[in-house]
Each structure stands twice: as structure tokens, then as C-alpha cells.
Amino acid sequence: MSKQKPHDFKVWLRRLWLLAISGPLAFVIMMMLTWAGVFGSLPSMEAIANPKNYLASQILSADGKQIGTFFMENRVHADYGDLPEHLVQALIATEDERFRSHSGIDFRALARAVVNMGRNGGGSTITQQMAKQMFHGVAHTGNLQRITQKLKEWIIAIQLEQRYSKDEIIALYFNKFDFLYQGVGVANASKIYFSKDVSDLNVLESAVLVGMFKNPSLYNPARAKYADRVLQRRNTVIRQMQRNDYLSQSEADSLVTMPIALRFNRQGHDQGMAPYLREHVRSEMKLWASSHRKPDGSKYNIYTDGLVIYTSIDSRMQRAAESAMTAHMSNLQKVFFKQVNSRRAGPFHFPKADAVVEGKKLLKAGMRQTQRYRNLKQSGASNAAIEKAFSTAIPMKLFSWSGDIDTVISPMDSIQYYKSIYQTGVLSVEPQTGFIKAWVGGIDFRHFQYDHVIQGRRQVGSTFKPFVYAAAISEKKYSPCLEIPNVQTCIEKGQFGLLEDWCPSNSDDVYGGVLTLKEALAGSVNSVTAYLMKQVGPKPVISMAKSLGVKSAIPEVPSIALGAVDLSVYEMVGAYTAFGNKGLYTEPIVMLRIEDKDGVVLDEFVPETREVFSPEIAYTMVQLLEGVTNKGTGRRLRHSGGRYLNDIVTGYPYGFTNDIAGKTGTTQNQSDGWFIGMVPNLITGIWSGCQDRAAHFGSTYYGQGATVALPIWGLYMRSLYEMPELGISKEPFERPQNMSINVDCDAVDVQAGGNFNDDDEFN
């Protein structure tokens, strides 16, 4: 065997030294070339110091709950202090055990990854993953490209570590990650998957979310087919926390046996709490943003600038209102469908023999209002082709109170179906402040975007009568105890510009005897209201309504006394604030303050207020309205037993014993039903009816305001009183000192013209 020559050893030694020197040198050269931008540009220090994140604007309730967001990316920022300790521990234990000790690159983890050829995980640190997410996204597959990408990650990671603290990097990482379902950032993820704030996450929930960092699609907890995989991944995170001494073995052993408990709540503009309110705020914020500028002169963007909109809404009251609406409207719909199915004209109810013909006219009118019709017209389709298209069954998803229905139905039949659906609007306001506490604009925002609180205007029926009474009391100083003969009152042709005599009838066409004003309003007696209109005329009544915040046009005719005017729920509830607030009108308001993402106040809002009448007149009106719920059309609120046919009055009996002022309203043919109820610190107004006024119940028993609207108020208030922390008053209304108007008349049942059906037809 020949001996190795000395010069051969020297050659190999030189080669080893060359390799030892050239490797790091090559690394340094590659890093320098990467830094110089040879392999593509790097983000500037300004971009690293101020990474561009699209932050969702948040809508917050008065009790501190997030009730909605406006977003391009649904990202809500969470500070490090918002993150529970176990959430941070789970991330570090699973993704980067030496995060607190390295400076952006973990060379030990990198070497392990090289030796194991990546089989046991890569060597990327949390900071490197942040660099990838923030500045270049998806990993390349080509070897050279992947190498240069890694080099960029290292450089950016080092710069991030120089610019940010470890806590800030953790927060940035949690805020940047996309957890699916339009949920960017852990603050949104906690709401989507567990319906709670990030600060309230427990260890198991934290482990589920951290497990998603490996691959959110493959470890999606909302996908049933991935349930086992998600559970295994969660338990891996738990064991990693144990391995790093964040959990004891006994704690970990116990936790891994627990199931995954989701409270999945997919986020979207048309889902979640208060969608109609959120859409209203969106419209208002767009107007605000168009006229306000940032310090740099650019306009605010509600979808990207992370604004915070503080509202007067109480999330507990909002949920109570939505629950009350759902309970009653789903019940009401069942009863209405039973009546609709027995009619030749479907949902429409005409007192004429040609009802079917009239119904078809309404359906064709509805057809012409659809986008499908407009599209066909624009394409040049003939009328015959359009009618054929609307008569041909196609797959369609329809609303129902039991959940969406996937069916095959013709567009025309779907129009008829939707015209059979009862709608509603609910608004609840604190009269002393004007703060809106609950807003329910419809039954289901996904299917019905029209907001019946502020967009819809329908005939208000007897809910308008208090304005007539208030005008008469203000001008004539009438007492609620004033007795008026119950006789049909006529206003003759020529008076107040009338072209013919106006002689409205009582709903039961019964007359005789005398009624006090309190009795007359309690029974919603038309003859007495007509008498008051004759005494004061339309102008003072209109002036009264306008002073009470009504902006819609009111015709100057006597028939407005019975509610022959179209107004919104928003206007009506706003007007009633003066009755509950000592004569001081307070404009309903929902937006209180706007802040930027850093907490700087950009704008604040205060409601418009004005004195409309004296506290004495306000209290007099309250006494009149209390008669409605004590002995009048709203008296079913007081009952504590019995039942109604078909249980149409949802939640009955209510059994309220505290002071309640209120007014029902029913329009001609029961097309609209109203109830406005008041306690000293809360006024809530409700309208209910179908899209077309020809679709309605066939009798006042079913269609009056006390049946289609009042039950929502009863259910809502019952829920509020079950939450004493809300402070909803059960006390009497405050009586002013030195009352000159006599309000202490003994209330007796109406002797004539008072069956208390709130059926105010305009004859």
C-alpha cells in the first residue's frame, strides 16, 4: 500500500480551507447582492417601519361591543396587550421556540432543517414568516428563486427586529394572518370561530387558531371533513406548549381529551347583528368621508383606514329587539299564509269581484321592478319572451322563517311569494338624549335590504292622532277630562279648502253619549278626533308635526287627523320623544363619535333639540296615552291570562303593571299596523305590513296594530326588564309641579263607539 504523498495532503487541506472560506464569503456576497437589489427590490425602511395594512373600520356599541365592520380586508387591529398570554405562548411554542433569543434568524433551526432536508419543519422564524407575509407572499418553487427569496426574508427579518420589539412583532404577525372567511387578523378570527373577543380566548381556542398558521385551508375548523385533522393539530400545539413548560403534563393530558367547541359566526356585510343599522351607518360614513380630509389632504376611506365609529346602540337591547321581531313575525307569517292560501288572488285582498285581475296587475307591476326584467329589456327581448321567461321555473333560493328554501320556481311565482311576506321596522330611542338603542329595519337583510325604519314611509293611522290632540290642547287648553258628544262630525265643503264634505265614520259606526278626550284617544274614536281637527284646522297640526321633527310632506287636508299621511318609523318615534321628554323634541341619533385608528377624535355628534310645548302639555299627552294601554286599544299589554285565536298575539299574556303610554295605529283595510310604546326613559315604535298595501289580513281582528305590531313591543320590553342592569324604568312618568290642566279625571270604559278595534279607515 502506497503512502499518501505530503503534497496531496496539502492539496486537500487547501481545498478544505477554500471551502471554509468561500462558503461564508459566498453567503456574504449573496446577501450583499440581495441587499443591493440585484435579485429584485427590497422594501424601503419607510415601508418596513410603516407597513401598509388595510384596516377595517369598526362600529362599536355603547356597551363596548363590535357590531360590525367595513372592510376591503376584514382586519381589526389587536394590540399585544389584547392577546391572552396562552395565545402568545402557543404561537412561540409551535412556530419559533427561541423567538425571544434570536435576532430574526435562528441558525440552529436553520441547520436542523438543512440536515433533515426539511422533513421535520423548516427553519423560518416568526419574524421571517412576517417578512414573507408582509412583503412578498407565496414561496417560489424554483431552487434559485427560493434561495433569493430566503435571502430577502433574512434581510427583512433583521430589519424588522431592529425596528420593532418582540411583542410588536408578535402582534403584527397575529394581525396580518388571514384566517379565512374574510377574517384577517386574530381579532376577527376569534369572533368568526368562537364569537368572542380575542382577550377572552381560552387555551383550547388559542391552540386551534395557532394550529391554522401551518395551513388555514387544511386546518379549517369550520370544515366538518377536516375535524380529525384540526383536532390532531390542536393537540400538537398543546403538546408543544407542554414541551416548552407553558403547560404541565397533567394540564396538557386533560386538554387534549376535550372536543373542539366552535361558535362559528361568519362575518359579512349582510350578516350578524344590526345589519340595517350598519348599512345606515355605512351611508352616513360615506357622506362624512367625502367631506373630510386627513392631515395630508387625502380623503378618508371607510374600508381601509381603520376608523372607529362609536354608536348609541346597546348590543343587549339590539339582540332583544331582533329576537322579539323574529319570534312575532315568524308566528304572524304562519297565520297570514293560512289566509293567503284560501284566497283566489293569493296574498291580495280586494273587496271586488275582479280581485284576481287586480292581483295579476300588481304582479306584473312587480315584475317590471325587477333587475331580471330590466336585463331582458336591455337585451332586446320582446314582451312575450319576457313573460315566458318569468313563467319558466328555474332553481332559486327563497327566504323562509325555517331557513332558506332551495327550490325550482318561476320568477313570477317567486314575486307572488315575496309579496306574501310580512315586513316590519322597529326603532327604540331614549327620549332624554335621542340616543337610538335598537334598530331593526326588516326581517332578513340578506333577502330584504329595504330599511323600514328610515327608508319606508307608510300610512301611520291613529298614531298620528296625538299630534291633533297636542295641537288642540296647546291652542285651546283642553283638559283630558273634556267631554265631547260622540256624534259624527262633518267638516263642510269650502272649509280648509275642502272640495266636498268630509264626514269620517267610527270604525264600528256606533255613536251616542259623550266621551272624555282621554276615553276617545284610548278607544281611537274617529268622531272626536274629527271634532278636534274642526276646532284647530290642519295648519296647526302640521306645524306641530314639523316641530316634532317630521320632514316628510304632509298634505293640508283634514283627513290627516286619522293618519292619512305616509311617514317613517324614524320620524314617528322621533316625534314622540317630546311627549316623553317634558315637551323637548330630541332628534334620534345613532352615531356619536368617529376616531381614527390611533384614537384621535375626528368628529363628534350631538342631536338637534328644541322645545315644542310645555312640560305641562307633555305630561297631559302622556296621561292621554296611558289611557290607551290601561283601557284602550293597547290594553292587552295589561292582561295576565287567556289566549287569542290561533295564538296570533305572540307571547300573550304580557301582564305589565307599570306605567306605559302608547298608541296603536291601523290603516285602511289593515294594510299597516303600528304601535308606539313609551316608558319614562324609552320609546319604541313598530310598523308591520306587506310590501304591497293590497296584501293584508281580511279583518281588524288579525290586521290591527295591536295584533301585528304591539306583540313585538311586549316581547322586547319583557326581555329588557329581565336585564335590570339596563335601567329601563318601571317608575311613573314625572308630573310637573303646579299643573293647571286637569288630568285627574276618573277613567271609565267608553260607552259608545268604543269596541277598541283600532280600525281607522279614511272615508
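Just so it is clear, none of the values below were taken in a lab; they were calculated from the coordinates. It should be emphasised that the depicted structure is a prediction, and the values quoted were computed from it without experimental measurement. All Cβ positions, glycine included, derive from the backbone under ideal geometry; neighbour counts span all protein chains shown.
At a 10 angstrom cut-off on C-beta neighbours, averaged per residue, how do the peptides 184-193, 707-716 rank from highest to lowest?
Averaged packing, sorted descending, gives the order 707-716, 184-193.
Please sort 530-538, 607-615 by packing, taking for each peptide the average over its residues of neighbouring beta carbons within 10 angstrom, highest first.
Result, highest mean first: 530-538, 607-615.
Express in nm, to one decimal, how much length is gained between residue 721 and residue 232 on full extension, taking 0.36 nm for each residue of separation and deducting their alpha carbon distance.
The span from residue 721 to residue 232 would gain 171.5 nm if fully extended.
Only sites in a loop by DSSP and with at most 13 other Cβ atoms within 10 Å count here; which GluC sites (Glu not before Pro) in the range 462-546 make the cut?
492, 500
Mind running the shape call on the range 597-753? Use the C-alpha gyration tensor, a ≥ b ≥ c as the square roots of the eigenvalues: rounded below 1.5 for a/c, prolate if a/b tops b/c, oblate otherwise.
Judged from the Cα gyration tensor, the range 597-753 comes out oblate (a/c at least 1.5, b/c at or above a/b).
Take the residue pairs 334/465; 65/551; 132/166 and return only those whose Cα atoms are more than 21 Å apart.
With Cα atoms farther than 21 Å apart: 334/465; 65/551.
What does the charge count near residue 416 come to, summing +1 for each Lys or Arg and -1 for each Asp or Glu among other residues with Cβ under 13 Å from its Cβ?
Counting the neighbours of residue 416, the net charge comes to +4.
When the Cα centres of the range 360-427 and the range 677-728 are compared, how far apart do they sit, in Å?
When both Cα centres are located, 29 Å separates them.
Leaving out same-chain residues fewer than 8 places away, which lysines sit with a Cα under 16 Å from that of residue 338?
Counting by Cα, and skipping residues close in sequence, residue 338 has these lysines nearby: 419.
Roughly what would the spin-label model give for residue 610 and residue 370, points 7 Å off Cα along C-beta, in nm?
4.6 nm
Taking square-rooted eigenvalues a ≥ b ≥ c of the alpha carbon gyration tensor, is the range 520-675 rounded, prolate or oblate, where a/c under 1.5 means rounded and, failing that, a/b exceeding b/c means prolate?
The shape class here is oblate.
Got the relative contact order for the range 273-380 handy, in percent, Cα pairs under 8 Å and 6 or more residues apart?
Relative contact order of the range 273-380: 12 percent.
About the Cα centre of the range 436-542, how large is the charge dipole given +1 on each Lys and Arg Cβ and -1 on each Asp and Glu Cβ? Please answer in debye to the nearest 20.
Rounded to the nearest 20 debye, it is 460 debye.
Testing the spin-label approximation: label points 7 Å from Cα along Cα→Cβ at residue 377 and residue 535. State their distance in nm.
With each label point 7 Å from Cα toward Cβ, the separation is 5.1 nm.
Straight-line reach only, C-alpha to C-alpha below 19 angstrom: list the aspartates and glutamates that residue 360 could link to, leaving out same-chain residues fewer than 8 apart.
387, 413, 692
Hey, which aspartates and glutamates would be in cross-link range of residue 597, C-alpha to C-alpha under 14 Å, not counting anything within fewer than 8 residues on its own chain?
Within the straight-line cut-off, residue 597 pairs with 79, 305.
Residues with beta-carbon under 15 Å from that of residue 607, excluding residue 607: net charge, scoring Lys, Arg +1 and Asp, Glu -1?
-4
Starting from the 7 Å offset along Cα-to-Cβ, what nm value, one decimal, do you get for the label separation of residue 499 and residue 404?
Each label point is offset 7 Å from its Cα along the Cβ direction, giving 5.0 nm.
Could you tell me the calculated FRET efficiency between residue 330 and residue 262, based on Cβ-Cβ distance and R0 = 25 angstrom, to the nearest 0.05?
Result of the calculation: an efficiency of 0.45.
Would you please classify the overall shape of the range 658-744 from the alpha carbon gyration tensor, given that a ≥ b ≥ c denote the square roots of the eigenvalues, rounded means a/c under 1.5, and beyond that prolate means a/b larger than b/c while oblate covers the rest?
Oblate shape, in that a/c is at least 1.5 and b/c is the bigger or equal ratio.
Rounded to the nearest Å, what's the spacing between the alpha carbon centres of the range 230-301 and the range 175-204? Just the number, please.
3 Å
At a Förster radius of 30 Å, what calculated FRET efficiency corresponds to the Cβ-Cβ distance of residue 101 and residue 215, to the nearest 0.05?
In this case the efficiency is close to 0.65.
Which residues does the label zone of residue 490 cover in the range 529-552, counting backbone N under 15 Å from a point 7 Å along Cα→Cβ?
531
Which order, highest average first, do 417-423, 305-311, 242-248 follow once you tally other Cβ atoms within 10 Å for each residue and take the mean per peptide?
Per-residue Cβ counts within 10 Å, averaged per peptide and sorted highest first, yield 305-311, 417-423, 242-248.
Between residue 515 and residues 5 or more places away or on another chain, which pairs have amide H atoms under 5 Å apart, with H built 1.01 Å from N, and which residues are they?
Amide H neighbours of residue 515: 484, 486.
Mind scanning 437/477; 191/294; 582/730; 476/546 and naming the pairs with a C-alpha gap bigger than 23 Å?
Too far apart for the 23 Å limit: 437/477; 191/294.
Please list, by residue number, everything in the range 358-401 whose backbone N is under 14 Å from a paramagnetic label point 7 Å out along Cα→Cβ of residue 447.
It comes to 396-401, nothing else.
Tell me, in nm to one decimal, what length is gained between residue 199 and residue 360 on full extension, where the rule is 0.36 nm per residue of separation less the Cα-Cα distance?
Taking 0.36 nm per residue and subtracting the Cα distance, the gain is 52.3 nm.
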